[in-house]
């Protein structure tokens, strides 16, 4: 991918991550009994980790050091938000279904969950 194209793709991925972050925070705040993050401080910590992964990956791709590793970090940051969507408070059936998939996949990819 050329440098301008990769920068545009990074900005698009950051936009997707921002939407996923907002949806996760809203879902967790609406139904804390079903959320991984059941308090305000835990929601903030969860969002900070996901945003941190996306930011680190964006910096890697933006500087063209290691595009593959950068894209993996961006994907991990976006995926970090998905298990939170497995809640009756999800913003629709599509979001809930994506949350179920993320919930099922999370233990396989993250030793902390």
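Every number here is computed from the coordinates shown, using simple stated rules; none is lab data. A quick note: this is a predicted structure, and the numbers were derived from the prediction, not measured. Glycine also receives a Cβ, built like all others from the backbone with ideal geometry; neighbour counts cover every protein chain displayed.
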Please identify the pairs in which a residue from the stretch 54-77 that is free of Cβ contacts under 8 Å to residues at least 12 places away in the same chain has its Cβ atom under 9 Å from the Cβ atom of a residue that is surrounded by fewer than 15 Cβ atoms within 10 Å (Cβ to Cβ) and in a helix (DSSP H, G or I), counting only partners at least 6 apart or on another chain.
65/59
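Could you say which residue among 29, 17, 8 is free of Cβ contacts under 8 Å to residues at least 60 places away in the same chain and within 19 Å of residue 99 (Cα to Cα)? It would help to see each step written out before you state the result.
Working: 17 fails: free of Cβ contacts under 8 Å to residues at least 60 places away in the same chain; 8 fails: within 19 Å of residue 99 (Cα to Cα).
Going through 29, 17, 8 in turn, the sole match is 29.
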